[in-house]
Amino acid sequence: MPPLFSSPPALRRRRLLHAAAFALVLAAVALFLLLSPFDGSATPPPSSYGHRLPTLVDLTLVHGAREKGAVCLDGTPPAYHWLPGFGHGSDKWLLHLEGGSWCRNLTWCDHRKTTSLGSSSYMERAEFVGILSDDEFQNPDFYNWNKVKIRYCDGASFSGNVQDEHQYGASFFFRGQRIWEAVMSELLPKGLARAKQAFLTGCSAGGLSTYIHCDDFRALLPKDSIVKCLADGGFFLDVEDISGRRYMRSFYNDVAHLQDLRKRFPGCSSDMEPGQCFFPQEVAKGITTPMFILNPAYDVWQIEHVLSPDGSDPQSLWQNCRMDITKCNAKQLEILQGFRKSLLDAISEFKKKRDWGMFIDSCFIHCQSMKSLAWHSPSASRINNKTVAEAVGDWFFDRREVKEIDCEYPCNPTCYNVVLERPFDEE
Ligand SMILES: *[C@@H]1O[C@H](CO)[C@@H](O)[C@H](O)[C@H]1NC(C)=O
Ligand SMILES: *[C@@H]1O[C@H](CO)[C@@H](O)[C@H](O)[C@H]1NC(C)=O
C-alpha cells in the first residue's frame, strides 16, 4: 500500500525544492527592481525624475528638545533630516518645512498623535526629491547645498506655544514655536550660522510656516549672507466656499483658538477674528526678507478644502471636478476662474515689491517644489518656457526678475495636471 503521507526524507526534499524556487523568484524580483530604473526602455518611476533613484536621508531627533519643552503633540522630540552639502554648496543651506494641514480640535489632534504629523515615533527616513534632490539633473541650482527637511508635528505651522500641556483632561503639547527655535539652535552650530547663502522653503502648511518664520530665519544669519524664502502652495485664501460660507476662516479660527495663536501675531488688528491673522495675506504684509510665492492658480488642495470643503457640497456635484479639472463643467470652471482672480487680487500688493518673486501657473497641482516631475523635468509645467526650478533659481541668483503670472486655464499646454484617485487629506 502506498504511504498515505510523504516519508520524512521526501518531505525534506520537497521543502528544499520549495525553498530553492522561492529564492529564485526573490532573486528575479530583486534583479528586476535593481535594473528597471536604469533601463532606458522602461518608463521612469512616477515619484522620481533624474538620473538615479532619490537619496534616502536618516531621521535625526532634536537633542535636548524635551528639556526645552519643544515637543510634538504627543510629547516626543521633534526631528529633521540633514543631507550635508558638498563642493561649492558646502557653505549654503536650504531648509524645507514639512506640510500636512492643521488640526482644529482635540479629536483631530489626538488622532495625529498616532501619526508622523503628531509624533516622531512614527517618522521614518525621507526621500529627497525636487528642491531637496542632490541630483544635478533634477535640481540644477541647489543640488549640492546642505539640505534639511524639518518634520511637522505640532498641528499649527510651527507657531503655537502653550505652556499648559493639560487640555480637557488629556495631555497635548502645542509647541510649534519652540520646535522651530530648538531646530534652529541645533542647525546653527552645524554650519548654518556661517551660511553664505540660505533659503527657507516649505510647502502647503509648511508654506504658511515659511511666511510665518521667514524674517526670524533672516535674523539668525550673518548680515552679509544672502537669505531668501520660498512658500510653495501655501497661499491659502480667505474666501467663501461654494456654499457661501468662509469655511477656511472658521477652520483657522479653531486652530488659532486651540493653540492660542493671537499672541503670536501681535501686528494683527484686534477687530479681526483670530483665524484671519493666520492667512498668508496677513502674515506676508510684515515680511521684509525677499519671498517667492509659488502657487498654482488652481491649487488642488485648496479646491478640495477651501473652495469645496466637506459639507459645502451635499449632493457631491463637485466630486469629479475637484479630482480632475477636465471633468469640471462650465459653471464650475467659472467659479474656479473666480478663485484664481481672488488669488491674483490677494497677491497684487506683493507683486509690487521689487525683490519678491512669483510663479502662478494655471495648473491643477499642489506642492510643485516637492515633486521631481513638477519641479524640473520634461513634463514639468512651464511659464515662458521656464520650469519651476529654473524660475526659482533665476530669482534666487538675481539672473532676472521673475514675476510670472500664467494666463487662464486651459491656456497652458505644458501644465502638469494631477488627476486624484481619491480625495487627499493631509499635505
Ligand atoms: C474636528 O475636526 C475634524 C477634521 O477637521 C472634523 O471632521 C470634525 O467634525 C471636528 N470635530 C468637532 C467636534 O468639531
Ligand atoms: C525651451 O527651453 C528648452 C530648454 O529648456 C529649449 O531647448 C527650447 O528650445 C525652448 N523653446 C523655446 C520655444 O524657446
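The values are calculated or read from the model by the stated rules, or taken from the named source; none is laboratory data. Computed from a predicted structure; not experimentally measured. Virtual Cβ from ideal backbone geometry, glycine too; neighbours counted across all protein chains shown. Ligands, DNA and RNA are excluded from the accessible area calculation, which covers all protein heavy atoms including side chains. Shrake-Rupley method; radii C 1.70, N 1.55, O 1.52, S 1.80 Å.
The modelled label-to-label distance for the pair ASN385/ASP216, using points 7 Å beyond Cα in the direction of Cβ, is 4.3 nm.
Heavy-atom accessible area per residue, the chain, 1.4 Å probe: how many Å²?
46
Among the chymotrypsin sites (Phe, Trp or Tyr not before Pro) within the stretch 155-243, which fall in a DSSP loop and have no more than 15 other Cβ atoms within 10 Å of their own Cβ?
TYR168
A Cβ-based charge dipole, computed about the Cα centre of the stretch 103-216 with Lys and Arg at +1 and Asp and Glu at -1, lands at about 140 debye. Close amide H partners of GLY357, meaning residues 5 or more places away or on another chain with modelled amide H under 5 Å apart, are MET291, PHE292, ILE293. Selection among VAL300, GLY286, SER316 by position relative to the dipole of the stretch 260-337 gives GLY286 as farthest towards the positive end (Cβ unit charges, Cα centre).
Which of the three applies to the stretch 185-309, rounded, prolate or oblate, going by the alpha-carbon gyration tensor with a ≥ b ≥ c and a/c under 1.5 meaning rounded?
Prolate shape, in that a/c is at least 1.5 and a/b is the bigger ratio.
Each label point was placed 7 Å from the Cα along the Cα-to-Cβ direction; for LYS263 and HIS88 their separation is 4.8 nm. Residues in the stretch 71-112 near a label at GLU124, defined as backbone nitrogen under 17 Å from the 7 Å Cα→Cβ point? Backbone N within reach: 80-81.
For the stretch 322-367, rounded, prolate or oblate, judged on the Cα gyration tensor with a ≥ b ≥ c (square roots of eigenvalues), a/c < 1.5 rounded, else prolate if a/b > b/c? In terms of gyration-tensor shape, oblate. In this label model, LEU61 and LEU188 are separated by 2.4 nm, measuring between points 7 Å along each Cα→Cβ vector. Using R₀ = 56 Å, calculate the FRET efficiency as 1/(1 + (r/R₀)^6) where r is the Cβ-Cβ separation of GLN319 and ASP398; round to 0.05. That gives a FRET efficiency of 0.80. Note on the chain: with a GNM built from Cα contacts shorter than 10 Å, the maximum mean-square fluctuation among SER316, SER185, SER372 falls on SER316.
The mean sequence distance of close C-alpha pairs (under 8 Å, at least 6 residues apart), as a share of the length of the chain, puts its relative contact order at 15 percent.
Antiparallel versus total DSSP beta bridges in the chain: what percent is that, nearest 5?
30
Once each part is reduced to its C-alpha centroid, what is the distance from the stretch 119-164 to the stretch 168-184 in angstrom? Spelled out, the Cα-based centre of one part sits 18 Å from the other. For THR107 and GLN167, the difference between the fully extended length at 0.36 nm per residue and the C-alpha to C-alpha distance is 20.5 nm.
Within the chain, helices built from complete DSSP H runs that reach 24 Å or longer along their own axis (Cα positions) and carry a mean Kyte-Doolittle hydropathy of -1.0 or higher are 8-35, 330-351.
Considering helices alone, the calculated mean residue ellipticity of the chain at 222 nm is -8500 deg cm²/dmol, with DSSP H runs of length four and up weighted by -39500 (n - 2.57) and normalised per residue. In a simple Cβ point-charge model (Lys, Arg +1; Asp, Glu -1; nothing else charged), the stretch 173-258 has a dipole of about 320 debye relative to its Cα centre.
Here the dipole of the chain is about 940 debye; that uses its Cα centre as origin and unit charges on the Cβ of Lys and Arg (positive) and Asp and Glu (negative).
Positive end of the charge dipole of the chain (Lys, Arg +1 and Asp, Glu -1 on Cβ, about the Cα centre): tell me which of CYS277, ALA170, PHE359 has its Cα farthest that way. Comparing the listed Cα positions along the dipole, ALA170 ranks first.
Under the rule a/c < 1.5 gives rounded, and otherwise a/b versus b/c splits prolate from oblate, where does the chain land using the Cα gyration tensor? Rounded. Residue ranges 394-406, 134-146 sort as 134-146, 394-406 when ordered by packing (mean number of other C-beta atoms within 10 Å per residue, highest first).
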